[in-house]
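The values are calculated or read from the model by the stated rules, or taken from the named source; none is laboratory data. Note that the structure is a prediction, hence the values are computed from the model and not measured. Neighbour counts are summed over all protein chains in view; Cβ atoms, including those assigned to glycine, are modelled from backbone coordinates with ideal geometry. SASA here: full protein model, heavy atoms, side chains in, ligands and nucleic acids out. Shrake-Rupley method; radii C 1.70, N 1.55, O 1.52, S 1.80 Å.
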Amino acid sequence: MKKAVFPGSFDPFTVGHYDIVKRGLKLFDEIIIGIGRNSQKKETFPIRERLTAIEKIFGDEPRVKVMIYDCLTVDFAKQEGADFILRGIRCVEDFEYERNMAEANKQLGGVETILLYTRPEYAHISSTLVRDLYSYNKNISAFVPNDLR
Ligand code: ADP
């Protein structure tokens, strides 16, 4: 039983995130989408709303669970019995940070990280970009899965 945690802030969950989960389902039996609570960051979409919206997107996929967590990602992964952390890489700038986190999580908790590159058509879509557009009342429907529109 291969279980992975896909951690992030998902403020909001984008089509890029959706693509990583879909591809991750080919590698893992179960994926837990872990929404990390970050008290330092001001949120645009309330965390409970994010959870409900993501649950709706994967409503017919029993292999995906959505949870909120308050601790270090590697501790959350261990708590849930996951041996893998799944992350997406959008650009070369992401790489160094993700590589270092992967190494730290391996050393801290023995948890492996699997990095999936982002499809080029989604690479420009970050939660930050979507929040920005949203704050200026722009239409974000091209950037978020159906149920979040
Ligand atoms: P974090 O602050 O933890 O990076 P995000 O919610 O921005 O939180 O991202 C969660 C995960 O999704 C990360 O692994 C990130 O690299 C990945 N990701 C973000 N945007 C995209 C995208 N457009 N396509 C694929 N993966 C993405």
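Restricting to the stretch 1-43, name every residue that is open to solvent by 60 Å² or more (accessible area, probe 1.4 Å) and in contact (Cβ under 8 Å) with a residue 12 or more places away in the chain. It would help to see each step written out before you state the result.
At the first step, the residues of the stretch 1-43 found to be open to solvent by 60 Å² or more (accessible area, probe 1.4 Å) are 1-2, 18, 22, 26-27, 29, 37-43.
Once the filter is applied, which keeps residues that are open to solvent by 60 Å² or more (accessible area, probe 1.4 Å) and in contact (Cβ under 8 Å) with a residue 12 or more places away in the chain, the stretch 1-43 yields MET1, LYS2, TYR18, LEU27, ASP29, ARG37, ASN38, LYS41, GLU43.
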- Are there any pairs with C-beta distances below 7 angstrom linking a residue in the stretch 48-71 that is under 17 Å from PHE28 (Cβ atoms) to a residue that is open to solvent by 40 Å² or more (accessible area, probe 1.4 Å) and outside any loop (DSSP other than H, G, I, E, B), with the two at least 6 apart or on different chains, and if so which? VAL66/GLU55
- Message: Looking at the stretch 128-148, I want the residues that are more than 19 Å from LYS41 (Cα to Cα) and have a partner that is assigned to a loop (DSSP other than H, G, I, E, B) and open to solvent by 70 Å² or more (accessible area, probe 1.4 Å) with Cβ atoms under 8 Å, at least 6 apart or on another chain. Which pairs are those?
- Response: ILE140/ARG149; SER141/ARG149
- Message: I'd like to verify a number: residues in the stretch 1-36 that are assigned to a loop (DSSP other than H, G, I, E, B), at negative phi and within 12 Å of the ligand (Cβ to nearest atom), how many?
- Response: 5
- If you go through the stretch 74-100, how many residues are of a type outside the set (Asp, Glu) and without any contact (Cβ under 8 Å) to a residue 24 or more places away in the chain? 6
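Give the stretch 109-149 a look and list any residue that's charged (D, E, K, R), modelled with pLDDT of 95 or more and under 18 Å from the mean Cα position of the chain (by Cα), or say none.
Residues of the stretch 109-149 that are charged (D, E, K, R), as a first pass: 112, 119, 121, 131-132, 138, 147, 149.
Among the residues that remain, those that are also modelled with pLDDT of 95 or more are: 112, 131-132, 138.
The answer is GLU112, ARG131.
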